[in-house]
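Please read the structure below before turning to the comments.
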Amino acid sequence: TESYLTSRGIHPQIIAYCIQHGLLFQSENGNDVIFVGYDTKGTRRYAALRSMTTDYKGEATGSDKHFSFALPACVENPAVHLCECAIDVMSYATLCKLDGIDWRRHNLLSLAGVYQPKKKMEESKLPVALTRFLDDHPHVKTVYLHLDNDTAGRLAAKAIMAVMPEGYRVENKPPPRGKDVND
């Protein structure tokens, strides 16, 4: 798990933090990384699986996307940085660390994938992971979108911006190059 994530550019200290806090595991068969999401009581509620040997990506049976993988801030921070997947969240934390920014002071949230918005953007719904995070962190009033530079990511960003409730500020900050934050 550690060598796979390091090969993806994730900083070893971020990997160690995630392992230490039960956010990251290796599957029993040794082929998958498991990214875990918790509710506010500390109960595991979500698990994303990512093969280290194939292109397989999935979720554990019974996973609840309301509680997707997140790295909540260690201080009260009024913003959340939103990525499509757990590796992108860890990549964003790595980029912060490399820039000398304390990544632990930022709320980082994975959407556990993006969704197909409605044809009329204003009829779309917020992703459930974001809705739950905002409900659990009422002090958060700014959302930074770091979604992929592909059709699905760009459409999801437009939809989120269109349906975000009043009182929130949304900034679309896609990766400056490459497909996603990990690139």
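The values are calculated or read from the model by the stated rules, or taken from the named source; none is laboratory data. As the structure is a prediction and not an experimental result, all values here were calculated from the model. Neighbour counts run over all protein chains shown; Cβ positions are idealised from the backbone, glycine included. What goes into the accessible areas is simple: the full protein's heavy atoms, side chains included, and nothing from ligands, DNA or RNA. Shrake-Rupley method; radii C 1.70, N 1.55, O 1.52, S 1.80 Å.
Here is a list: Tyr144, Tyr92, Tyr115, Tyr168. Which entry is among the aromatic types (Phe, Trp, Tyr) and either touching a helix residue (DSSP H, G or I) at 6+ places or on another chain (Cβ under 7 Å) or at positive phi (or both)?
On the way: Tyr144 fails: either touching a helix residue (DSSP H, G or I) at 6+ places or on another chain (Cβ under 7 Å) or at positive phi (or both); Tyr92 fails: either touching a helix residue (DSSP H, G or I) at 6+ places or on another chain (Cβ under 7 Å) or at positive phi (or both); Tyr168 fails: either touching a helix residue (DSSP H, G or I) at 6+ places or on another chain (Cβ under 7 Å) or at positive phi (or both).
Exactly one of Tyr144, Tyr92, Tyr115, Tyr168 is among the aromatic types (Phe, Trp, Tyr) and either touching a helix residue (DSSP H, G or I) at 6+ places or on another chain (Cβ under 7 Å) or at positive phi (or both), namely Tyr115.
Got a number for residues in the range 31-57 being touching a residue at least 60 places away in the same chain (Cβ under 8 Å), in a strand (DSSP E or B) and touching an Asp or Glu at 6+ places or on another chain (Cβ under 6 Å)?
Residues that pass the stated criteria total 2.
Do you know which of the residues in the range 1-30 that are under 14 Å from Ser91 (Cβ atoms) and part of a loop (DSSP other than H, G, I, E, B) is least open to solvent (accessible area, probe 1.4 Å)?
Among those residues, the one meeting the criterion is Ile10.
Please enumerate the residues belonging to the range 15-56 that are among the aliphatic types (A, V, I, L, M) and more than 25 Å from Val128 (Cβ to Cβ). Show your work before the answer.
To start, the set of residues in the range 15-56 that are among the aliphatic types (A, V, I, L, M) comprises 15-16, 19, 23-24, 33-34, 36, 47-49, 52.
Within the range 15-56, Ile15, Ala16, Ile19, Met52 qualify.
Among the listed residues Val75, Val128, Val80, identify the single one that is open to solvent by 50 Å² or more (accessible area, probe 1.4 Å) and either in contact (Cβ under 8 Å) with a residue 60 or more places away in the chain or among the hydroxyl-bearing types (Ser, Thr, Tyr) (or both).
Going through Val75, Val128, Val80 in turn, just one is open to solvent by 50 Å² or more (accessible area, probe 1.4 Å) and either in contact (Cβ under 8 Å) with a residue 60 or more places away in the chain or among the hydroxyl-bearing types (Ser, Thr, Tyr) (or both): Val128.
If a residue must be among the basic types (Lys, Arg) and under 21 Å from Ile15 (Cβ atoms), how many such residues does the range 45-75 contain?
Residues flagged as among the basic types (Lys, Arg) and under 21 Å from Ile15 (Cβ atoms) within the range 45-75 amount to 2.
Does Lys118 fit the bill of being of a type outside the set (S, T, N, Q), touching a residue at least 60 places away in the same chain (Cβ under 8 Å) and open to solvent by 20 Å² or more (accessible area, probe 1.4 Å)?
Criteria not met by Lys118.
Would the range 63-72 turn up any residue that is in a strand (DSSP E or B), open to solvent by less than 40 Å² (accessible area, probe 1.4 Å) and touching a residue at least 60 places away in the same chain (Cβ under 8 Å)?
For the range 63-72, residues in a strand (DSSP E or B), open to solvent by less than 40 Å² (accessible area, probe 1.4 Å) and touching a residue at least 60 places away in the same chain (Cβ under 8 Å): present.
From the list Thr1, Thr6, Thr43, which one is over 19 Å from Asp180 (Cβ atoms), modelled with pLDDT of 95 or more and polar (S, T, N, Q)?
On inspection, the qualifying residue turns out to be Thr43.
When the residues of the range 132-175 are narrowed to those that are open to solvent by 60 Å² or more (accessible area, probe 1.4 Å) and in contact with a His (Cβ under 7 Å, 6 or more places away or on another chain), which ends up nearest to Tyr46 (Cα to Cα)?
Top of the filtered list is Arg132.
Which of the residues belonging to the range 1-50 are within 22 Å of Leu98 (Cβ to Cβ) and aromatic (Phe, Trp, Tyr)?
Within the range 1-50, Tyr4, Tyr17, Phe35 qualify.
Okay, residues lined up against (1) at pLDDT 90 or above; (2) under 22 Å from Val181 (Cα atoms); (3) among the acidic types (Asp, Glu):
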{"position": "Leu109", "(1), (2), (3)": "yes, yes, no"}
{"position": "Gly113", "(1), (2), (3)": "no, yes, no"}
{"position": "Lys120", "(1), (2), (3)": "no, no, no"}
{"position": "Glu123", "(1), (2), (3)": "no, no, yes"}
{"position": "Leu126", "(1), (2), (3)": "yes, yes, no"}
{"position": "Leu130", "(1), (2), (3)": "yes, yes, no"}
{"position": "Asp135", "(1), (2), (3)": "yes, no, yes"}
{"position": "Lys141", "(1), (2), (3)": "yes, no, no"}
